[in-house]
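One structure is given here, and the rest of the page talks about it.
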Amino acid sequence: MSEAAAREQATQLHAGAQARMPDELAGRALTGAARAVFVVAALVAVTLALNQLLNLHLFVGVVFIENRYLFLLATSLFPLIFLAFPAHAGARGIPLYDWLIAALACGLLCWFALQAERSLSEGWEYNAPQVAKLLAFVLWLLILEALRRSSGWAMTLIIGAISLYPVVAELIPNPLKGSSQTLADTFAFHLISSESAFGIPMRAFAEIVVGFIVFGVALNHTGGGRFFNDVAFALVGRVRGGAAQVGIISSALQGSISGSVISNVISSGVVTIPAMKRTGFRADYAGAVESVASTGAVLMPPVMGSTAFVMASFLGRSYGEIALAATVPALLFYVALVVQIDGYAARLGLTGLRASEVPRLGAVMREGWFYLPVFGLLIFLLVVLQNEAMAPFYASALLLAINQALPGHRLGWRRLAELAIGVARALADLTAILLAVGLIIGAMSVTGLAGTLANDLVYAAGGAPLVLLVMGALTSFVFGMGMTVTACYIFLAIVLAPPLVKAGLDPLAVHLFIMYWGMVSFITPPVALATFAAAPLAGTSAMRIGLQSVRMGAPLYVVPFCFVLNPALLFRGDAATVIVSIAAAFVGIPAAAAALQGYVPGIGRIPAHAGGHAVRALVIAGGLMLAIPTLVGSTFAASLAAGATTLALGIALLIAVIGKTRTGRISA
């Protein structure tokens with residue numbers, strides 16, 4: 001393929017991605033009246049959120065009480081699930097029964113919104129009238145059906161079963177025994193109380209997350225994805241393995257803002273994966289690079305896909321403190337990923353892209369300059385003014401204002417409608433998941449299990465923090481399957497974080513730990529949703545990409561243990577300990593990643609024989625000992641010394657082994 005043809009192919013691929021944005025790839029295509037409904041729903045939802053956040057009094061001259069606001073917000077979004085997702089795979093168009101189900105959901109939520117004040121004053125969560133119990137039951141069924149359509153049967157069956165736990169709580173042996181409720185009372189509690197479906201998850205969504213979803217979709221539809229890709233190509237496209245390094249940078253930039261692993265894989269991978277394959281990367285490796293980089297991007301400050309702001313509200317700390325703490329772990333992950341890809345390219349002799357395939361940075365910045373003031377405003381509002389709720393709305397307004405003022409970028413009415421549809425789709429999908437997650441929290445709350453679970457888990461772990469962390473990691477992984485990062489974090493922060501904190505671990509480190517481990521299911525088979533998104537772009541199976549992703553994403557599994565066992569990596573502790581710990585981690589983690597890949601920069605390829613394998617294991621062990629000094633040694637200094645000695649010994653032996661292999665004294 002000629003250079004001009006290669007560039008033209010990349011341009012066409014990206015144009016195809018922009019024609020149908022990632023937020024529209026799920027579910028069925030919308031036409032006619034359905035498109036109009038989604039546009040109106042997006043406008044109503046955003047207006048409701050702004051009215052509540054800014055006290056605008058746009059409706060009936062007052063600000064709604066919280067439960068009425070949540071019911072109304074759900075009214076504008078939840079019914080859309082039945083229009084966006086078919087009841088059965090392969091169904092075409094929107095049948096009449098889906099319109100009727102959507103109308104039923106809308107009517108039920110409206111009824112609960114109208115009864116909001118009465119339900120509060122009369123305590124309906126524990127003493128609801130019969131009609132409220134009946135309607136709550138119907139709405140519970142609709143929530144599970146919406147979850148089935150958007151997330152599949154597995155999650156639906158799990159959440160449905162747990163939501164009914166209060167009915168049999170007294171029959172279950174300890175430590176899961178709790179206070180039972182009647183079936184009717186359970187449904188009423190789930191749908192009326194402020195501790196279940198319309199509890200903490202929906203409140204966090206309504207107060208913080210809506211704005212960031214609007215901003216992420218607006219950024220996609222105004223060409224932000226292409227801008228990030230072009231910046232990455234201009235910066236590192238020509239270095240060794242440049243196409244893969246481009247995937248890392250563009251995914252990190254996009255994912256932090258969008259907060260969606262799947263849309264990140266698609267919008268970035270549609271360009272980077274073909275470029276990687278053109279320059280010699282295997283299809284499964286190219287897909288794994290994009291999958292792993294996109295998953296880690298949601299953990300990257302400054303925005304972290306809006307989860308940082310939810311975390312700040314849980315911990316009662318400023319967003320700036322959360323973002324600062326998350327910086328070192330995220331950089332450790334990406335440095336390790338860069339080292340691994342460079343090693344892979346070096347082992348196979350892969351080069352970067354040709355000069356004609358790489359845009360000039362100056363031209364890219366002249367084309368996309370208007371994103372810089374938008375990001376500047378967003379960060380200023382978040383860090384300086386600490387206005388997390390309104391920051392994304394102001395940034396979205398500035399982005400659209402500048403975009404519409406530039407003739408070459410201006411969106412027509414049709415593309416503006418597509419933007420609104422994208423917002424409605426993303427908000428509706430998350431609404432369905434959060435309502436379902438709330439059912440689990442409600443089941444634990446009404447039975448009293450939430451108050452005793454922390455003690456029970458600590459007891460089961462024998463009081464050993466490392467054992468509890470492993471239990472927590474596995475729990476986070478399981479519940480992360482199929483959930484968005486925000487929904488997964490909210491659930492784990494309520495259920496899993498308390499026992500970990502009770503075991504004596506740092507609260508901020510614990511919350512970041514569960515967030516990291518909630519994300520690994522995106523790259524770990526059998527679920528591995530990110531690899532399924534990358535598979536069509538790479539032209540290979542999702543399972544092959546998944547297996548490669550596990551190896552490449554090893555730092556994502558290890559880094560959470562590093563900072564939760566050594567909170568100095570989160571800037572917790574005295575200055576000397578923080579500086580030494582961070583420096584040691586930035587030596588240890590890249591060294592372990594290089595050894596895992598089989599190529600150490602500046603030294604060379606690790607031979608594939610018994611001696612090489614032994615040295616590789618020694619280097620990995622030394623690197624991990626440096627990154628987690630609390631694992632060995634009686635004191636911090638002794639632990640660091642042991643790690644440094646082990647790593648130095650491993651490097652020295654590696655040099656010797658490579659030398660003897662080259663001279664033939666050790667057979668390869």
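Among (1) without any contact (Cβ under 8 Å) to a residue 60 or more places away in the chain; (2) part of a helix (DSSP H, G or I); (3) surrounded by fewer than 22 Cβ atoms within 10 Å (Cβ to Cβ), there is one condition residue 187 misses while meeting the rest; what is its number?
(3)
Given 437, 446, which one is in contact with a Gly (Cβ under 9 Å, 6 or more places away or on another chain) and at pLDDT 75 or above?
446
Within the group 527, 550, which residue is at pLDDT 90 or above and of a type in the set (Val, Ile, Thr)?
Matching residue, one of 527, 550: 550.
Can residue 134 be described as farther than 30 Å from residue 527 by Cα, at pLDDT 95 or above and among the aliphatic types (A, V, I, L, M)?
yes
Of all the residues that make up region 360-389, how many are surrounded by fewer than 17 Cβ atoms within 10 Å (Cβ to Cβ) and not in a helix (DSSP H, G or I)?
The qualifying residues number 5.
Mind listing just one residue for me: the one in region 99-111 that is open to solvent by 20 Å² or more (accessible area, probe 1.4 Å) and in contact (Cβ under 8 Å) with a residue 24 or more places away in the chain and, of those, farthest from residue 31 (Cα to Cα)?
111
Quick one: in region 190-223, of everything that is hydroxyl-bearing (Ser, Thr, Tyr) and surrounded by fewer than 24 Cβ atoms within 10 Å (Cβ to Cβ), which residue is farthest from the chain's Cα centre (by Cα)?
193
Can you name the residue in region 35-90 that is open to solvent by 60 Å² or more (accessible area, probe 1.4 Å) and of a type in the set (Gly, Ala, Ser) and is also modelled with the highest pLDDT among such residues?
Among those that are open to solvent by 60 Å² or more (accessible area, probe 1.4 Å) and of a type in the set (Gly, Ala, Ser), it is 89.
Determine whether residue 184 is in contact with a Lys or Arg (Cβ under 8 Å, 6 or more places away or on another chain) and aliphatic (A, V, I, L, M).
yes
Please enumerate the residues belonging to region 366-396 that are under 21 Å from the mean Cα position of the chain (by Cα) and of a type in the set (Asp, Glu).
388
Restricted to region 483-497, and to residues that are of a type in the set (A, V, I, L, M) and over 18 Å from residue 453 (Cβ atoms), which residue is modelled with the highest pLDDT?
Taking the candidates together, the pick is 487.
Go through region 317-352 residue by residue and tally those that are over 30 Å from the mean Cα position of the chain (by Cα) and part of a loop (DSSP other than H, G, I, E, B).
The qualifying residues number 3.
I'm trying to understand the selection: among the residues of region 408-440, which are without any contact (Cβ under 8 Å) to a residue 40 or more places away in the chain, of a type in the set (Lys, Arg) and in a helix (DSSP H, G or I)?
Result: 414, single match.
When residues of region 112-137 are filtered for being surrounded by fewer than 16 Cβ atoms within 10 Å (Cβ to Cβ) and either at positive phi or without any contact (Cβ under 8 Å) to a residue 60 or more places away in the chain (or both), how many remain?
Summing the residues that are surrounded by fewer than 16 Cβ atoms within 10 Å (Cβ to Cβ) and either at positive phi or without any contact (Cβ under 8 Å) to a residue 60 or more places away in the chain (or both) in region 112-137 gives 11.
Any residue in region 413-433 that is of a type in the set (Asp, Glu) and within 26 Å of residue 102 (Cα to Cα)?
yes
Checking the conditions here, which among 473, 497, 528 is at positive phi and in contact (Cβ under 8 Å) with a residue 12 or more places away in the chain?
528
Pick out, from region 224-312, the helices (runs of 4 or more DSSP H) lying fully within it that include 2 or more residues that are β-branched (Val, Ile, Thr) and open to solvent by 10 Å² or more (accessible area, probe 1.4 Å).
Result: 224-236, 242-258, 261-278.
Please indicate, with yes or no, whether at least one residue in region 398-406 is touching a residue at least 60 places away in the same chain (Cβ under 8 Å), under 30 Å from residue 322 (Cβ atoms), surrounded by fewer than 18 Cβ atoms within 10 Å (Cβ to Cβ) and among the β-branched types (Val, Ile, Thr).
No, there is no match, as no residue in region 398-406 is touching a residue at least 60 places away in the same chain (Cβ under 8 Å), under 30 Å from residue 322 (Cβ atoms), surrounded by fewer than 18 Cβ atoms within 10 Å (Cβ to Cβ) and among the β-branched types (Val, Ile, Thr).
Are there any helices (runs of 4 or more DSSP H) wholly within region 441-501 with 3 or more residues that are farther than 16 Å from residue 310 by Cβ, and if so which?
449-460, 465-480
The values are calculated or read from the model by the stated rules, or taken from the named source; none is laboratory data. Remember, it's a predicted structure, so these values are computed and weren't measured experimentally. Every residue, glycine as well, gets a Cβ built from its backbone with ideal geometry; the counts of neighbours run over all protein chains shown. Ligands, DNA and RNA are stripped out before the accessible areas are found, and what is left, the full protein with its side chains, is counted by its heavy atoms. Shrake-Rupley method; radii C 1.70, N 1.55, O 1.52, S 1.80 Å.
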